[in-house]
1. When S282 is evaluated against the numbered criteria (1) part of a loop (DSSP other than H, G, I, E, B); (2) out of contact with any Pro (no Cβ under 9 Å at 6 or more places or on another chain), which criterion, by number, is the only one it fails?
2. What are the residues in region 346-355 that are in contact with a Leu (Cβ under 9 Å, 6 or more places away or on another chain) and either surrounded by 10 or more Cβ atoms within 10 Å (Cβ to Cβ) or within 17 Å of H320 (Cβ to Cβ) (or both), if any?
3. Among the candidates P268, P250, P184, which residue alone is outside any helix (DSSP H, G or I), under 22 Å from D45 (Cα atoms) and at pLDDT 95 or above?
4. Right, N211: in contact with a Gly (Cβ under 8 Å, 6 or more places away or on another chain), touching a residue at least 12 places away in the same chain (Cβ under 8 Å) and in a loop (DSSP other than H, G, I, E, B) or not?
5. Does any residue of region 177-184 turn out to be under 25 Å from E290 (Cα atoms) and open to solvent by 10 Å² or more (accessible area, probe 1.4 Å)?
6. Identify, from the list V318, V305, the residue that is β-branched (V, I, T), open to solvent by less than 50 Å² (accessible area, probe 1.4 Å) and either in contact with a Ser or Thr (Cβ under 9 Å, 6 or more places away or on another chain) or farther than 25 Å from T27 by Cβ (or both).
7. Take the conditions in contact with a helix residue (DSSP H, G or I) (Cβ under 6 Å, 6 or more places away or on another chain) and open to solvent by less than 30 Å² (accessible area, probe 1.4 Å) and apply them to A190. Does it pass?
Amino acid sequence: MQINMIRFGVLAAGLCTCSVAAQTDPTSGFEFVTVGDPGNRHTTDEEAPGPIGTGGIYIGGVDYEYRISRTEVTLEQWLEFVIAYYPFYVERTGRIFGTGDFGGIGIHVTPFDISIDSEFSEHRFAFMSWEYAAYYVNWLHNGKVNELWAFETGVYDASTFYRDDDGVDHHQATHHPDARYWLPTLDEWAKAGYWDPEMDQGQGGYWKYPNGSNTESIPSLLPEDGGQRNAGHASIWPVDVQTFQSVQSPWGVFDMAGGGSEYTETVPSATNLGTRAVMGSSHSDSSFGEPSSMHVLGMISSAGVYHTGNTLRLASAVPHRADLDRNWKVDWFDVKYFLERYLAGDLSVDFDGDGDLDINDIQVFLGLMNG
């Protein structure tokens, strides 16, 4: 009880002391947290009174475990993709200079040089269009293979990325069910940002802001000056991702307020596949105390699939429990990792969850391998 009261006191001040374990994913290079508590409820009218919480549209309920990246994609991470895709970009578009939907703001794309502009930090979030974000997650899903098929299949089928003669877009609405990475759905983003399974004496509930609190994060200042989010009208914005270390969602996710407004997979209108929901406030948002601020629970915007000016946070499947090297395969390399961790007394392989390493953990691991 004392621990919970201390945690609540800190959260009320807008600073989340989350203890969700994070792991670096070797394929994508992102640090992920697992969002559990499957089957949580949607928001209510009282919790999200804005445009989402009216008219019978509610968000945040997810009935499965998934992972979400702790940060938005950075310029360094996006640069790797831009370099890899550039030959296909030239072939597909006929352009040799990168446009804003591809390189975004901060990456210089020419036939002679593809690099981060000198005035930008490599740890700043990247801009891109929704369509190129989809190419990116396809590439990650396929293990960063530098062949055209790896960018165009796996998660979203790029053959659907077109606008017909009537001006109707036909972009695939949802990711393939066996995808390893994807653009988060509106519900997945909202749950990772606002849902706290420890609220209401373990019944769970939603905070008003994505900082584990009903107190709004302060914009326009650096952490040492009392700032709490990557936003505000000042020459220093935007700063690097994860600058505000003490401000996290209940699941340990950074910068869900500020940085860039983030694409989701969700189509707001079933009749318009060319528009997707966007969540979170941007680096240029200095609003404070306004009910319509974009980081308030229930507030969303939307953007076209060709639009430039938003960024991406990854969603991902939860790897198999026996996949200890996180390469999306369960094989004898995982046995090697298990033995090394077991002999070192590493409780990450405490598979029976009793706080000790013994023969039972070996039996559970072998069962997972066989299953």
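The values are calculated or read from the model by the stated rules, or taken from the named source; none is laboratory data. Note that the structure is a prediction, hence the values are computed from the model and not measured. Counting neighbours? That spans all protein chains shown, and the Cβs are built from the backbone with ideal geometry, glycine included. Protein only, heavy atoms only, side chains kept; ligands, DNA and RNA dropped before computing areas. Shrake-Rupley method; radii C 1.70, N 1.55, O 1.52, S 1.80 Å.
1. The single condition S282 does not satisfy is (2).
2. Scanning region 346-355 gives D346, L347, S348, V349, D350, F351.
3. After applying the criteria, what remains is P250.
4. Considered against the rule, which asks whether it is in contact with a Gly (Cβ under 8 Å, 6 or more places away or on another chain), touching a residue at least 12 places away in the same chain (Cβ under 8 Å) and in a loop (DSSP other than H, G, I, E, B), N211 comes out as yes.
5. no
6. None of the others qualify; the one that does is V305.
7. no
One line per residue, one yes/no per condition, for (1) out of contact with any strand residue (DSSP E or B) (no Cβ under 8 Å at 6 or more places or on another chain); (2) surrounded by 13 or more Cβ atoms within 10 Å (Cβ to Cβ); (3) in a strand (DSSP E or B); (4) of a type outside the set (K, R):
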site	(1), (2), (3), (4)
D200	yes, no, no, yes
E216	no, yes, no, yes
L221	yes, yes, no, yes
E224	yes, no, no, yes
Q228	yes, yes, no, yes
H233	yes, no, no, yes
P238	no, yes, no, yes
Q242	yes, yes, no, yes
Q245	yes, no, no, yes
